[in-house]
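Okay, structure first, notes after.
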Amino acid sequence: MIAQALIARLGFALAVVLIVAVSIGPLGYALVTSLETGSALVSPGVWPEAPTLANYTAVFAEQPFARNILNSVLVAGGVVALSLSLAVTAAFALARVAFRGRGLLLGTILCVAMFPQVAVLSGMFLLIRSLGLYNSLAGLGLSYLMLTLPFTVWMLTTFLRQIPKELEEAAIMDGAGPLTVIGRVFLPLLWPALVSTGLLAFIVAWNEFLFALTFTLTAETRTVPVAIALISGASAFELPWGRIMAASVVVTLPMVALVLVFQRWIVSGLTAGAVKG
Amino acid sequence: MSGRAAGPLARARARAAWGLIAPMALVLLAVAAWPLGRTVWLGFTDASLAGGGDAAFVGWENYYAVFDGQAFGVLADPQWWRAVANTLVFTAASVSLETVLGVLVALVLHRRFPGRAWVRAAVLVPWAIPTVVSAKMWAWMLNDQVGVVNAALLGLGLIDAPLAWTADPLLSMIAVIGVDVWKTTPFMALLVLAALEMLPRDIYEAARVDGIHPVRVFFRVTLPLIAPALVVAVVFRTLDALRVFDLVYVLTANSPATMTMSVYARRELIDFQAAGTGSAAATLVVFIIALIAAMILTAARLRGREGAV
């Protein structure tokens, strides 16, 4: 009986160790690779014999990688700010006011959130070019609104529905207009939702690849994912893996830190968006 | 809700609501509806993205046309059908694998043990890594010459020669599915975990007191209770997997063995500069995804009705 319980506990511990190893192992291996150069890179040993930061300096020296990071921050930050400000008033109306066509509108917004990006690729290309925004961060940001806006509206609507009605009714009784109600009553209650929704939207924009690959042309306007995907070596068959891994680590560690710090909020955002939807 | 439908106050509120929605709706019209409409229209023209707007209407030619006894168009292209098959195989395999693994991981995380918060955080890591980065990371580990995966398999004596993970047709599909499962299992696990945590703990107490085997408890009690959340998660992941692009494009480029519908449409549009056929393919992607979504929803509704009766 005791032996059986011991085996069960050991099996459980093994499962936990396996889950952790599979989850963080690849990132750890990328980190190790990024510290190696030359023949150490291809030697089978896991631990770097002579750790060096050469790959990191090379990434920033041989291409405008700092600029790429700045581009990603600017585009993602701008898109999040714009999406949240457009979404918060719309979500208020969708969550708190009963009007004709509300269900249809919410359904349409959910459909847009599930849209394949490739479906708008050629139309978006023409739109961006006709506005003179091809190969610019503004054009890229415009296209990202299609990705972040529907799901921002959807998530904020879900959050707003959970706030008790009495709060808003009291404010309306006092003669407050809708914008006052949003600003004075809801925003103070809503900021955790704004943080988790904003973070998820930021991650979507930060990771986006298809639009960024298609709507930018020069190295200076590329965002981080495109820059990493297009790092190449002397020939197509000799990819500079050390540099690619260094670039990957540089952009991934802040993301991982962000996600871990805001873990609880992101999980609550994901479950609010999916389970209750 | 009482008395809201009528009365001048309710009408004023409804008008104010449309005012609040208008900015968001206008932006969505501009960045989603308009480009989609243009894409569908371009699919019926001989446009090229490089040229101006002088595109001529060609009807269904981009979809299917016969000239001199030879069939042209997306629907006559074997590569398109290969891409459709690849996408369906990829979606079915990765969504079912990550559902099973996600439930297993969630069950482990649902137990209370020391360091649980840390393990939970570690599980989130693959989800936090940008797709392009995880594709590159795995491309490096799966490298046929110097990759750590081949080295490990050789060391364990499981294979005699290095495997070409990203070049061999069958292996590259397995690699793409594997990396996707690695990346998206955390999402599934977290959603299932959230559903598990809403379940009352006393049912488990009752089952344990009655001496019912845990596996039986899982299939008879837990699974039916988390089923609604699981269905929503599976639908989300399915629709997401059907439009996959980044992972496949970065891991195996335009290889026909793993090319998905999105990769095919982009190749036509950008690499081949064929805006007409590319837009036709993109329209078909929307059509196929909408069809599958409708099928899933109908099935869910029918199941729900059966359950109610």
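Worth a mention:
- Hey, B:PRO200 assigned by TED's automatic domain parsing to the domain that holds B:ASN143, surrounded by fewer than 17 Cβ atoms within 10 Å (Cβ to Cβ), more than 26 Å from the chain's Cα centre (by Cα) and farther than 20 Å from B:LEU107 by Cα or not: no
So that you can scan it fast, the table gives a plain yes or no per residue for (1) touching a strand residue (DSSP E or B) at 6+ places or on another chain (Cβ under 8 Å); (2) of a type outside the set (D, E, K, R); (3) under 21 Å from A:VAL112 (Cα atoms):
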site	(1), (2), (3)
B:GLU205	no, no, no
B:VAL209	no, yes, no
B:HIS213	no, yes, no
B:ARG220	no, no, no
B:LEU223	no, yes, no
B:VAL234	no, yes, yes
B:VAL244	no, yes, yes
B:ALA257	no, yes, no
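- Considering residues of the range B:109-141 that are surrounded by 20 or more Cβ atoms within 10 Å (Cβ to Cβ) and β-branched (Val, Ile, Thr) only, the residue farthest from A:PRO116 (Cα to Cα): B:VAL123
- Residue in the range B:75-88 that is crowded, with 21+ Cβ neighbours inside 10 Å, out of contact with any Phe, Trp or Tyr (no Cβ under 7 Å at 6 or more places or on another chain) and closer than 25 Å to B:LEU269 by Cβ present: yes
- Sub-8 Å Cβ pairs linking a first residue in the range B:84-110 that is touching a residue at least 40 places away in the same chain (Cβ under 8 Å) to a second residue that is of a type outside the set (Val, Ile, Thr) and not in a helix (DSSP H, G or I), at least 6 apart or interchain, are B:ASN86/B:ALA257; B:ASN86/B:MET259, ordered by first then second residue.
- Selection within the range B:243-282 - facing chain A (nearest Cβ under 7 Å), part of a helix (DSSP H, G or I) and buried (at least 19 other Cβ atoms within 10 Å of the Cβ): B:ASP246, B:VAL250, B:SER262, B:ALA265, B:ARG266, B:LEU269, B:ALA275, B:GLY278, B:SER279, B:ALA282
- Candidates are the residues of the range A:152-209 that are outside any helix (DSSP H, G or I) and exposed (fewer than 13 other Cβ atoms within 10 Å of the Cβ); the one that is modelled with the highest pLDDT is A:GLN162.
- Pairs linking a residue in the range A:217-228 that is under 12 Å from A:ALA205 (Cα atoms) to a residue that is acidic (Asp, Glu), with Cβ atoms under 8 Å and 6 or more positions apart or on different chains, are A:THR223/A:GLU208; A:PRO225/A:GLU208; A:PRO225/B:ASP246.
- Selection count, the range A:125-143, where residues are farther than 18 Å from A:GLY77 by Cα and not hydroxyl-bearing (Ser, Thr, Tyr): 9
- Odd one out for B:VAL146 among (1) under 30 Å from A:THR33 (Cβ atoms); (2) surrounded by fewer than 21 Cβ atoms within 10 Å (Cβ to Cβ); (3) touching a residue at least 40 places away in the same chain (Cβ under 8 Å); (4) within 10 Å of chain A (Cβ to nearest Cβ): (3)
- Flag if B:ALA290 is without any contact (Cβ under 8 Å) to a residue 12 or more places away in the chain, surrounded by 13 or more Cβ atoms within 10 Å (Cβ to Cβ), within 10 Å of chain A (Cβ to nearest Cβ) and among the small types (Gly, Ala, Ser): yes
- Any pair with Cβ under 7 angstrom, 6 or more apart, that starts in the range A:1-29 at a residue that is touching a residue at least 24 places away in the same chain (Cβ under 8 Å) and ends at one that is in a helix (DSSP H, G or I) and surrounded by 11 or more Cβ atoms within 10 Å (Cβ to Cβ): A:LEU27/A:THR252; A:LEU27/B:VAL125
- Among the residues of the range A:59-88, those that are at the interface with another protein chain (Cβ under 10 Å from one of its Cβ atoms) and surrounded by fewer than 22 Cβ atoms within 10 Å (Cβ to Cβ) comprise A:LEU82, A:SER85.
- Some residue of the range B:211-226 being crowded, with 20+ Cβ neighbours inside 10 Å and within 13 Å of chain A (Cβ to nearest Cβ): yes
- Matching residues in the range A:94-132 - criterion: being touching a residue at least 60 places away in the same chain (Cβ under 8 Å) and under 13 Å from A:LEU147 (Cβ atoms): A:GLN117, A:VAL118, A:LEU121, A:MET124
The values are calculated or read from the model by the stated rules, or taken from the named source; none is laboratory data. Since the structure is predicted, the reported quantities are computational estimates derived from the model, not experimental observations. Every residue, glycine as well, gets a Cβ built from its backbone with ideal geometry; the counts of neighbours run over all protein chains shown.
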